[in-house]
Amino acid sequence: MRTFPLSRQLAWSAALLLGLHACSPKATTSITTPAATAPSTATTTPSQPAVAAFQIPVEYYTLPNGLRVVLSPDHTAPTATVAAYYNIGFRNEPRDRTGFAHLFEHLMFQGSQNLGKMEFIQLVQKNGGILNGSTRFDFTNYYEVVPSHKLETLLWAEADRMRGLAITQANLTNQQGVVKNEVRVNVLNAPYGGFPWLDMPQKANKNWNNAHNFYGDLKDLDAATLEDAQSFFKTYYAPNNAVLAVVGDFEPADAKALVAKYFTDIPSAPQPPKPDLTEPRQEQELRFTKDDKLATKPALAFAYHMPERNTPEYYALILLDQILLQGKDSRLYQAMVQKRGYSDNVNGGINYLGNAFNYAGPMLWMGDLTYDQNIKSDSVVSVLDQEINRLSKGGINQATLDLAMVKLRSSLYDQLSGSDNFGRADMLAAFALFDNNPARINTLEAEFRKVTPELMQKTIQEYLRPTNRTLLIVNPLAKS
């Protein structure tokens, strides 16, 4: 699955790896949650062979100020990854301040109480590390990977900007200009700009929180005052609205002492009510056309509303994504590219601004492709319907489900075993932020193994029906 840039300003050096391509009860005492029990091995059928348990160590507790902390030691490499996740993203930003979540991603690199402008970046890079930040649907995150003996330095620096960001009129004005320029470069003046990652949520969703322009209306960005920015930081960047994940080569007792030393005295702040993110059930297919003066070929994107997160149907649709969209053996790649030659690729997946696990509210399963001028959009839609109907009417046999599981496990463990440990930190932080249970990381595979062919077919019939679909077609106006 691909992701899409919303934040190229962070690419100050090749070391900045992850640009933006793009609720727990209040705790008052420190608690510790041990790692989850290993998922039971499926042995009931020959199609589900026994697999070796893979356990990720998870220590989870909450500081008195509400900061949730996840520690996961991994001694395979002498590095440490620090990830700070704040429960403020595109769709839970204030209604009259669109784009503020993304604006603050920029401001967090403009200096803090003890570090001047750009000094946070220099601190990481001069110690041989890498870093980045991103804004997503339900959170804004920052992470650094450093040699493990520099863990204390990074915890001090991350705490310094959580405690007090340098929010000045000069910094605010400068970054307002940077964001507006980013919109012009990445969306307004780029072929297929915003397609479909920015466009589709605005077309397919009805709830304003899910359907507004996540980059922010330029008038809202211009209207932002210094007082607005200071209030936003005090509210949403408080420790009781955040998760700190530390993964890598350290001893948990040492890390706990350092976290307590640098984060305990940061004051919490009252939190506003969480917005209602629910979407009504879609009962009719929606179709939209977007004229693109810079595009040379037509393009089409399709989107279906996902089942609610963590339900049986949610796990089933993730496996259906493996069958229909992921890899060159997928049904849609074979049908659109290999068999008919409509395109050279079909992109897609769950959560274009992340992955199938690091979001909290409603989500879309999406796909997109560009195709030649002599191909009608209805022909593309017809192939999509044929492949989905083939699974819906013919059912999914156990062998197909088993293959989807193999692909899913490969993708999942690739994410969890990356050399920089960011994938592991990301999932731990998301599960802490949204489920108050980072140990879910050790039970995911067991949840997928509960999915049956019957559940897969039921999920297709309910969620991949045409009346649950939105289509967005790019009309190219540039000469090829």
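The values are calculated or read from the model by the stated rules, or taken from the named source; none is laboratory data. Worth saying up front: this structure is predicted, and the values here are computed from it rather than measured. Positions of Cβ are backbone-derived with ideal geometry, glycine not excepted, and every protein chain shown enters the neighbour counts. Areas reflect the complete protein model, heavy atoms only, side chains present, ligands, DNA and RNA absent. Shrake-Rupley method; radii C 1.70, N 1.55, O 1.52, S 1.80 Å.
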Open item on the list: I'd like the full set of residues that are among the polar types (S, T, N, Q) and open to solvent by less than 30 Å² (accessible area, probe 1.4 Å), limited to the stretch 433-443.
Closed with: Asn442
Task: Single residue of the stretch 266-283 satisfying the filter (out of contact with any Ser or Thr (no Cβ under 7 Å at 6 or more places or on another chain) and of a type in the set (A, V, I, L, M, F, W, C)) that is surrounded by the most Cβ atoms within 10 Å (Cβ to Cβ) - done: Ile266
TODO: Could you tell me which numbered condition Ala83 fails, if it satisfies all but one of (1) open to solvent by less than 30 Å² (accessible area, probe 1.4 Å); (2) out of contact with any Gly (no Cβ under 9 Å at 6 or more places or on another chain); (3) assigned to a helix (DSSP H, G or I)?
DONE: (3)
Open item on the list: If I filter the stretch 90-110 for residues that are open to solvent by 20 Å² or more (accessible area, probe 1.4 Å), modelled with pLDDT of 95 or more and polar (S, T, N, Q), do I get at least one hit?
Closed with: no
Task: Filter result (over 11 Å from Leu401 (Cα atoms) and acidic (Asp, Glu)) within the stretch 446-467 - done: Glu447, Glu462
Task: Tally of residues being open to solvent by less than 10 Å² (accessible area, probe 1.4 Å) and either of a type in the set (Ser, Thr, Tyr) or under 25 Å from Pro73 (Cα atoms) (or both) across the stretch 222-265 - done: 13
- [ ] Give the residues of the stretch 387-443 that are under 18 Å from Thr459 (Cα atoms), part of a loop (DSSP other than H, G, I, E, B) and not small (Gly, Ala, Ser), sorted by residue number.
- [x] Ile396, Asn397
TODO: Output yes when any residue across the stretch 191-212 is among the polar types (S, T, N, Q), out of contact with any strand residue (DSSP E or B) (no Cβ under 8 Å at 6 or more places or on another chain), part of a helix (DSSP H, G or I) and open to solvent by less than 10 Å² (accessible area, probe 1.4 Å), and no when none is.
DONE: yes
Task: Residue ID - surrounded by the most Cβ atoms within 10 Å (Cβ to Cβ), chosen from residues in the stretch 325-352 that are of a type in the set (Gly, Ala, Ser) and under 24 Å from Arg281 (Cβ atoms) - done: Gly348
Open item on the list: When you scan the stretch 284-293, do you find a residue that is among the hydrophobic types (A, V, I, L, M, F, W, C), surrounded by 14 or more Cβ atoms within 10 Å (Cβ to Cβ) and closer than 22 Å to Leu408 by Cα, even just one?
Closed with: no
Open item on the list: Looking for something aliphatic (A, V, I, L, M) and over 23 Å from Gln322 (Cα atoms) - is there at least one such residue anywhere in the stretch 439-459?
Closed with: yes
Open item on the list: Which condition from (1) touching a Lys or Arg at 6+ places or on another chain (Cβ under 9 Å); (2) open to solvent by 10 Å² or more (accessible area, probe 1.4 Å) is the one that Asn355 breaks?
Closed with: (1)
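Matching residues to (1) among the charged types (D, E, K, R); (2) closer than 22 Å to Tyr85 by Cβ; (3) open to solvent by less than 10 Å² (accessible area, probe 1.4 Å):
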{"position": "Asp378", "(1), (2), (3)": "yes, no, no"}
{"position": "Arg390", "(1), (2), (3)": "yes, no, no"}
{"position": "Gly395", "(1), (2), (3)": "no, no, no"}
{"position": "Val406", "(1), (2), (3)": "no, no, no"}
{"position": "Asp414", "(1), (2), (3)": "yes, yes, no"}
{"position": "Phe422", "(1), (2), (3)": "no, yes, no"}
{"position": "Phe431", "(1), (2), (3)": "no, yes, yes"}
